[in-house]
1. In the list ALA23, ALA58, which residue meets the criterion of being closer than 15 Å to PRO292 by Cα, outside any strand (DSSP E or B) and either touching a Leu at 6+ places or on another chain (Cβ under 8 Å) or touching a residue at least 12 places away in the same chain (Cβ under 8 Å) (or both)?
2. When you go through ARG77, ARG72, ARG36 one by one, which is the residue that is of a type in the set (D, E, K, R) and buried (at least 18 other Cβ atoms within 10 Å of the Cβ)?
3. Name the one entry in GLY91, GLY131, GLY116, GLY44 that is part of a loop (DSSP other than H, G, I, E, B), touching a residue at least 24 places away in the same chain (Cβ under 8 Å) and surrounded by fewer than 18 Cβ atoms within 10 Å (Cβ to Cβ).
4. Output the residue which, of all residues in region 66-104 that are at pLDDT 95 or above and under 19 Å from the mean Cα position of the chain (by Cα), is farthest from LEU25 (Cα to Cα).
5. Return yes when ALA179 is in a loop (DSSP other than H, G, I, E, B) and on the phi < 0 side of the Ramachandran plot and no when it is not.
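The values are calculated or read from the model by the stated rules, or taken from the named source; none is laboratory data. Keep in mind that what you see is a predicted model, and the values were worked out from it rather than measured. Neighbour counts are summed over all protein chains in view; Cβ atoms, including those assigned to glycine, are modelled from backbone coordinates with ideal geometry.
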Amino acid sequence: MCAGIQTIGGGPIVVLAGGTGGAKLARGMLDVVGSRLVVIANTGDDIEIYGAYVSPDADLVTYTLADRIDDRGWGLRDDTFAVMAGMRELGVDVWMHLGDRDLAFGLERSRALAAGERATAVQSRIASALGVGAAVLPMSDAPVRTRVLAGGRWWPLQEFMIVRRGEGPVQEVDFRHAAAAAPTPEVLAALADASAIVIGPSNPVISIGPILAVPGLADAIRASAAPVVAVSPLVRGAAVKGPTAACLRYAGHGVDSDGIAATYAGLIDGLVADARATDAPTLETDVELNAPESRTRVAEATLRFAASLGPTRRRPTSV
């Protein structure tokens with residue numbers, strides 16, 4: 001743990017994360033605050049496939065925190081793909097490529113959920129098995145499914161990203177079943193006790209949007225006394241990967257710091273970005289996260305910025 005982060009208090013450091021950017025920032029936070037880290041992971045990407053229940057963002061965060069993420073940016077390092085090869089021999093359309101150990105986690109998750117185990121408990125067991133000391137919390141134990149309307153048809157999120165390759169323009173986004181979901185007790189406790197809440201550099205619409213769509217979760221963030229800071233997913237004015245630009249345009253925002261700040265208007269107290277936002281206090285710094293030292297630097301700078309904002313104003317309970 002970095003001794004320099006002492007003014008941020010002793011409560012949890014909560015990171016909202018989905019996708020590669022959120023996972024990388026979470027890994028940097030782990031270097032800075034250790035076991036105080038709590039990651040609330042997007043589960044709108046979850047999919048049942050090949051008999052397995054796969055939670056791509058929660059597992060991506062877990063594998064990254066365990067230093068087991070593959071260089072491809074997904075899956076486990078040094079995994080094998082014998083099951084996928086066998087399924088292809090049988091004529092199965094293997095559009096989602098899962099490694100054997102990755103598939104094993106999904107199969108166990110499917111079994112445990114069918115037996116009545118909570119998604120939160122299953123993810124905790126996976127994280128523990130990989131030696132992760134931080135908490136990785138699904139945003140809800142209830143299923144939420146993100147769909148994207150593009151090219152005149154609705155795509156489940158994973159099909160949109162893999163089969164369509166995330167190509168826009170994005171016409172509409174829907175978080176199915178979100179209204180029936182609820183934050184878990186663990187999520188609500190982490191937000192209530194947090195010393196800082198950080199929205200990771202994830203796609204604001206399809207990675208963070210599903211988290212905030214869970215009824216009561218955004219209000220719990222607003223009710224927290226912790227400073228709330230977002231880290232921009234834009235590096236030198238462009239999205240690093242994926243359909244972030246298309247999603248921002250769909251939401252009616254510019255692909256710039258002002259657009260990111262506007263997406264989180266009424267929720268955040270400040271923005272960390274490499275260009276200043278007009279209507280939000282901004283820490284201007286390089287937010288590129290490819291190297292381990294960069295992740296740690298951005299994490300530490302983000303927490304220092306959050307500490308400088310102090311206890312937050314009381315936000316309204318609705319945007």
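1. Values: ALA58 fails: closer than 15 Å to PRO292 by Cα.
Sole residue among the options that is closer than 15 Å to PRO292 by Cα, outside any strand (DSSP E or B) and either touching a Leu at 6+ places or on another chain (Cβ under 8 Å) or touching a residue at least 12 places away in the same chain (Cβ under 8 Å) (or both): ALA23.
2. ARG36
3. On the way: GLY91 fails: touching a residue at least 24 places away in the same chain (Cβ under 8 Å); GLY116 fails: touching a residue at least 24 places away in the same chain (Cβ under 8 Å); GLY44 fails: surrounded by fewer than 18 Cβ atoms within 10 Å (Cβ to Cβ).
Within the list GLY91, GLY131, GLY116, GLY44, the selection yields GLY131.
4. Only one residue tops the list, namely ASP102.
5. No: the conditions fail for ALA179.
To keep it simple, each residue is scored yes or no on (1) hydroxyl-bearing (Ser, Thr, Tyr); (2) closer than 29 Å to ALA150 by Cα.
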residue	(1), (2)
GLY200	no, yes
ALA239	no, yes
ALA251	no, yes
ASP258	no, yes
TYR264	yes, yes
ASP269	no, no
THR285	yes, no
